[in-house]
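Here is the structure we will look at, set down as structure tokens.
The values are calculated or read from the model by the stated rules, or taken from the named source; none is laboratory data. All values derive from a computational prediction rather than experimental measurement. Neighbour counts are summed over all protein chains in view; Cβ atoms, including those assigned to glycine, are modelled from backbone coordinates with ideal geometry. These accessible areas exclude ligands, DNA and RNA; they are computed on the full protein's heavy atoms, side chains included. Shrake-Rupley method; radii C 1.70, N 1.55, O 1.52, S 1.80 Å.
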Amino acid sequence: LPGEGVPAAQKSSWTSFVKSIVSFSGDLSSLTAPPFILSPISLTEFPAYWCERPALFAAIADAKDEKERAIAVLKWFISTLKGQYTSRNEKLGSEKKPLNPVLGELFYGHWLDRDGRGQTNLVVEQVSHHPPITAYYISNPSKGLALQGHSAQKTSFSSGSIVVKQIGHAVLTVDLPEGKKEEFLITLPRLRIDGIWYGSPYIELTGVSYIQSSSGWLSTIDYEAKEPRGWLTFSSKSHFFKATVTPPGSSTPIKRIEGFWHETSKDSDSGETFTDVRGPKEEVTVAPLEQMQDFESRKLWQHVARGIREGDYELASREKSKIENEQRQRRRDEQAAGTRWQLKHFEHIESDPVYERLGKLFNANPPKEDAYVYMHNREFPPA
Ligand code: HCR
């Protein structure tokens, strides 16, 4: 029923929130939402979803040739989708509105070495507040793997759903013997936030995304493909995808995959399992709160997050206002002094040469995108 996921006392504030999104296009994070839909987690924590299966990430480095690497990258990518797009539903009951990071907010984490997979490190910085843009760098130095990307969103409303166009891309670099390297340009799917009328939002992915390797191999992931008969189950028919892996200079795929990105997928020809994400994932490890700097997400938002978790929304809103007022004062001070906020870990470039070069191979739209380049200025493992 419409509004059935909304607590009785918040129904009217949910209705006005929904009315405001219907007529709104742009930065959703700036809209005031009723407390039940607030998440205690900042958007700067989201890049950790890329690596919650560190062994699959590390496996990319162990692939024996270009073709196997392209397949390993696709396998890892598909396996990240469940965490990226359904974990708030699992943890918090529905998709929620994340905390809107402040400029310069930081999130650091790592996944320790286990079974020879090497340690994976994560550096995240909020590089813009308005619009929100989050830059990240994830590396496994012992395996010669590094993922650099940024994420922003453009939202609009269409037929009862919020449509989110993801702006930004990621580049995975794989070090090869003799100083060679292979690069993979990863584009991101569109999201639809359904379930709005019911007060229990969830994400569906739409459109197509690509993984273009500098070796020429291309993976195409189609999130709107129809499930063939036999796949349909009563429990789930959303989150279906089909993917193809195509060799350089050819349009004939050598591999076709189909299935559910939040459960299992299989090789369409052999029937062999391709991904299975029903088992546990490994959440990122972060330093204890006492060791964090003031601008690290969990420290910065600790009181707001406690208010949201404990249902003390007055505390949450008071603490949130403190952070926002402090931010406004910083911006005024900078303006008065004629200075600008200096990013700590990333440098902005107008056009990413890797995006331009690899994007051409599959006619990426837009043909150019900017990027945030990591400055390699953090020591891991953390003290
Ligand atoms: C759209 C969204 C903020 C952005 C989130 C992104 C796109 C961020 C990058 C991650 O890699 C993947 C990702 C997953 C999230 O699903 C997506 C969020 C979903 C909701 C949130 C809106 C700003 C909040 C809307 C408020 C709703 C729930 C009513």
What's the FRET efficiency of Gln293 with Leu1 using the Cβ-Cβ distance as r and R₀ = 56 Å, to the nearest 0.05? 0.75
Going by amide H atoms built from the backbone, whose H comes under 5 Å of the H on Ser42, apart from near neighbours? Leu99
Projecting the Cα atoms of Gly26, Cys51, Ser12 onto the charge dipole of segment 1-75, where Lys and Arg contribute +1 and Asp and Glu -1 at Cβ, the residue farthest towards the positive end is Ser12
Tyr137 accessible area, assembled protein chains, probe 1.4 Å, Å²: 30
Accessible area per residue in Å² at 1.4 Å probe, computed on segment 282-383: 68
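Tell me, what is the per residue accessible area of segment 1-129 in Å², probe radius 1.4 Å?
On a per-residue basis, 37 Å².
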Can you give the accessible area of Lys344 in Å² (nearest 10), computed on protein heavy atoms with a 1.4 Å probe? 90
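Please work out whether segment 100-254 counts as rounded, prolate or oblate from its C-alpha gyration tensor, where a ≥ b ≥ c are the square roots of the eigenvalues and a/c under 1.5 means rounded, while otherwise a/b larger than b/c means prolate and anything else oblate? Present the calculation step by step, with values, prior to reporting the outcome.
Numbers: a/c = 1.85, a/b = 1.18, b/c = 1.56.
Oblate, since a/c reaches 1.5 and b/c is not below a/b.
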Debye intensity ratio I(q)/I(0), log10, segment 228-383, q values 0.10, 0.11, 0.16 Å⁻¹ (C-alpha model): -0.80, -0.93, -1.14
For Lys97, go through the lysines and keep the ones whose alpha-carbon is under 22 Å away, minus same-chain ones fewer than eight residues off. Lys11, Lys19, Lys82, Lys154, Lys165, Lys299, Lys320, Lys322
Accessible area, 1.4 Å probe, largest first: how do Phe77, Phe46 sort? Phe46, Phe77
Can you send over the carbon and sulfur percentage of the accessible area for segment 52-93, probe radius 1.4 Å, protein chains only? 47
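Using the alpha carbon gyration tensor of the chain, what are the three equivalent-ellipsoid semi-axes (square root of 5 times each eigenvalue), largest first, in whole Å? Mind dumping the intermediate values first?
Details: eigenvalues 220, 146, 78 Å².
After diagonalising the Cα gyration tensor, the semi-axes are 33, 27, 20 Å.
Can you tell me the equivalent ellipsoid semi-axes for segment 99-192? Use √(5λ) from the Cα gyration tensor, largest first, whole Å. Write down the numbers at each step before the final one.
Details: eigenvalues 179, 56, 30 Å².
So the equivalent ellipsoid measures 30, 17, 12 Å along its semi-axes.
Computed from the mean reciprocal separation of all distinct C-alpha pairs, what Kirkwood hydrodynamic radius does segment 1-85 have, in Å?
Details: mean 1/r = 0.0612 Å⁻¹.
About 16.3 Å, per the Kirkwood formula over Cα pairs.
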Excluding residues fewer than 8 places away in the same chain, name every one of the aspartates and glutamates whose C-alpha is closer than 18 Å to that of Lys143. Glu52, Asp62, Asp65, Glu66, Glu68, Asp113, Asp115, Asp175, Glu178, Glu182, Glu183, Glu379
What accessible area, in Å² to the nearest ten, does a 1.4 Å probe give for Asp269? 100
